[in-house]
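Visitor: This is the structure, below, for whatever I ask next.
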Amino acid sequence: MHLHKYEKIWLVFGLGSLALFLLIIGFAAFWKGTHPQSHIETIDPQNVEAHESFKPENLGLREVADGKYIVNIVASAFNYDIGSDDAGKPVKTIRVPKGSTVLFQVTTKDVVHGFQVAGTNVNMMVEPGHISRLETVMKNAGEFTVVCNEYCGIGHHQMFATVEVYDE
Ligand code: CUA
């Protein structure tokens with residue numbers, strides 16, 4: 001079989017890029033540990049309160065061990081429900097000390113929302129029927145804005161919260 005010079009070049013180019021992309025995926029998955037965040041855990045979006053983590057009294061920040069925290073959040077158009085404070089006012093800021101390990105658990109009651117803590121590696125899609133989970137170490141002190149980065153309706157731009165990482 002005779003192959004033209006240009007045909008050979010393009011074959012090598014095509015197969016080469018295929019191999020390169022597979023290598024990149026393999027590197028990301030097995031070396032860097034990139035994986036879908038939901039772990040395929042499902043939840044009834046009509047009744048998120050039935051799940052222990054998303055009962056109204058369990059929403060918000062909880063210290064589970066020394067320097068280890070869990071934050072439970074229910075997203076809905078156009079709000080992040082992070083529980084309420086002692087006065088009954090909705091919490092808008094999550095405060096954790098620098099260097100703490102925080103597990104974010106987020107679900108949604110209605111449509112697809114985003115959950116991005118700008119300036120950190122936390123960036124999840126929140127889908128109805130699923131629990132999005134991501135654990136991270138808050139290495140830097142500062143105020144980080146939580147934004148919804150999936151268009152969810154006319155109030156999309158009003159959907160935000162704050163993560164405050166303070167120096168101990
Ligand atoms: Cu929620 Cu955009």
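Each reported figure results from applying straightforward, stated rules to the coordinates on display, with no laboratory input. These numbers come from a predicted model, not from an experiment.
Visitor: Using 20 Å as the Cα-Cα cut-off, could you pick out the over-long pairs in LYS68/LYS98; LYS55/LYS89; LYS68/LYS139; LYS109/LYS139; LYS32/LYS98?
Guide: In this structure, LYS109/LYS139; LYS32/LYS98 exceed 20 Å between Cα atoms.
Visitor: Next up: Convert each backbone phi in the range 122-128 into a coupling constant with the Karplus relation 6.51 cos²θ - 1.76 cosθ + 1.60 (shift: θ = phi - 60°), then list the ³J(HN,Hα) values in order as whole Hz, x for Gly and Pro.
Guide: Whole-Hz 3J(HN,Hα) from phi for the range 122-128: 7, 7, 10, 8, 10, 10, x.
Visitor: Okay, next question. Using only the alpha carbon atoms of the chain, find the Kirkwood hydrodynamic radius as the inverse mean reciprocal pair distance, in angstroms to one decimal.
Guide: 18.0
Visitor: Could you give the angle, 0 to 90 degrees to the nearest 10, between helix 5-26's Cα long axis and the longest principal axis of the Cα atoms of the chain?
Guide: 30
Visitor: Same structure, new question: Compare TYR151, TYR69, TYR80 in a GNM of the chain, Cα atoms joined below 10 Å, and give the one with the largest fluctuation.
Guide: TYR151
Visitor: Can you show me the helix-derived [θ] at 222 nm for the chain, built from DSSP H runs with n ≥ 4 at -39,500 (n - 2.57) apiece and divided by the number of residues, rounded to the nearest 500.
Guide: When only DSSP H runs of four or more count, the value is -4500 deg cm²/dmol.
Visitor: If you don't mind, there's one more thing I want to ask. For ALA77, enumerate residues with amide H under 5 Å from its amide H, sequence gap 5+ or separate chain, H modeled in the peptide plane.
Guide: Amide H neighbours of ALA77, under 5 Å, 5+ apart: ASP110, VAL111.
Visitor: Another question about this same structure. Taking the chain as a Gaussian network, where each spring joins two C-alpha atoms under 10 Å apart, which residue of LEU61, LEU22, LEU134 fluctuates the most?
Guide: Largest GNM mean-square fluctuation: LEU22.
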